[in-house]
Amino acid sequence: MDSVSILPDFSDLPNHLLSVIAEYLEDRFDTHHFRAVCNSFFESAERPRIPVSPHKKIKIYFPLSVAVELWGEFVLAESTIYALEPLNKIYNAHLTSNTWLVRLEETEPGKVILEDPLSRIYVNQVARKLPQTLNLLDYRVKEISKSYRLELVSSTFARHILYFEKVVISPLGGFCVMALVSGGRVGIWRCSTRNWLNIAVVDNGFRFEDVSYHDNKFYAVNTRGATMTVDPETLDIFEVAGPLQEWSSGFKYLVNSSDGMYLVKKFWIEECCGCHMDADKEACPIRLLVFKLDERRRQWLPLGDELKDRALFVGEDCSFSMSTKDFAGIKPNCVYFADDEFYRVNRHHPGGNVGIFDLETQTAAPLGAFPGYSKLFWPPPPWLKLSSASTSKVNG
């Protein structure tokens, strides 16, 4: 007689064990799925926190002018990049994407604003093509990264505002904010003291270009590639990498990854022709170099084309990495990046100005030049339950 395997009834697990399991859930949507199993699971896990938003104000004061003693009140806003995947197998998978990246800002519980994943562009005007209610229990949902910005509460001194190019946070040190300000300056604000601390440049005469938070430390890189860390609790500053050997002009981006810290340098090998690229153009003079941080040797090591099954995403105010083994429909060994060279006819769609740099061929091209990977951001995949409503809400 053939043996019959019987699945255990996990609802019979004791509540104290379920509570321990719930503590190891990675993000709020894992918690929502956990709580949806049955009553005992629901009661054993606390409701996930509501993301920080302009409606949940954290008051931060920042000098609006260096020459004049003017201070403005800011609030911290948070948006999140999610990867959605269908629960069931997709037929005719070549016609759609198995993974859909979407960036949302939750302005109030259950109500969201749609944003472009790799730029500061609001694309909520295309929300009419999305479902009014999106039940995230119908999909596999993974939180990929978060992005933050500081918004001025009052516009009285708007003409004196220093523009925040990027903001990252740390829960350590009583909650800390590191901000990259226009002009290449970096400051840290701590909730415990409510004062801003200006961070001295690593290399005199060279501005900071990007900031990040990784492994419980703030990171900042300057024009030459020299990189420093700041401990959020002690505010100790340490140089973890000297300048790049070839630090010619271009833009530098820090990319936080589960396997370490990357540096992407974007530059141009020749002057562009002046016309914007369309989806049919095959190449572009934009070039990218990728480095990986070796903190023991205190230097950035050139990576060549060795990203393998990983892809890096470089945006204006948010950069992250993803494993192409874990997420189907993402091109491996490449860098997705935002640049106006790639904007399409309708640049208001998510991903409308995204290109891909292939590390193997060392060439850049607009997203549309890669048919198998061009639908990662837009349009919404057919497996997403669509409606004709004009606003989007999130249930779960």
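The values are calculated or read from the model by the stated rules, or taken from the named source; none is laboratory data. None of these values were measured; they are calculated from a predicted model. No Cβ is skipped: glycine too gets one built from the backbone with ideal geometry, and neighbour counts run over all protein chains shown.
When you look at LYS308, is it of a type outside the set (S, T, N, Q), on the phi > 0 side of the Ramachandran plot and either within 21 Å of the chain's Cα centre (by Cα) or not in a strand (DSSP E or B) (or both), yes or no?
Working: of a type outside the set (S, T, N, Q): yes; on the phi > 0 side of the Ramachandran plot: yes; either within 21 Å of the chain's Cα centre (by Cα) or not in a strand (DSSP E or B) (or both): yes.
Considered against the rule, which asks whether it is of a type outside the set (S, T, N, Q), on the phi > 0 side of the Ramachandran plot and either within 21 Å of the chain's Cα centre (by Cα) or not in a strand (DSSP E or B) (or both), LYS308 comes out as yes.
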Check: Which residue pairs have Cβ atoms closer than 7 Å, lie 6 or more positions apart in sequence or on different chains, and pair a first residue in segment 262-290 that is surrounded by fewer than 21 Cβ atoms within 10 Å (Cβ to Cβ) and of a type in the set (Val, Ile, Thr) with a second residue that is modelled with pLDDT of 50 or more and assigned to a strand (DSSP E or B)?
Finding: ILE269/ARG287
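Hey, any hits in segment 154-167 for a residue that's at pLDDT below 85 and among the charged types (D, E, K, R)? Don't jump to the end; show me each part of the working.
Residues of segment 154-167 that are at pLDDT below 85, as a first pass: 154-164.
Keeping just the survivors that are among the charged types (D, E, K, R) gives 159.
There is at least one residue in segment 154-167 that is at pLDDT below 85 and among the charged types (D, E, K, R).
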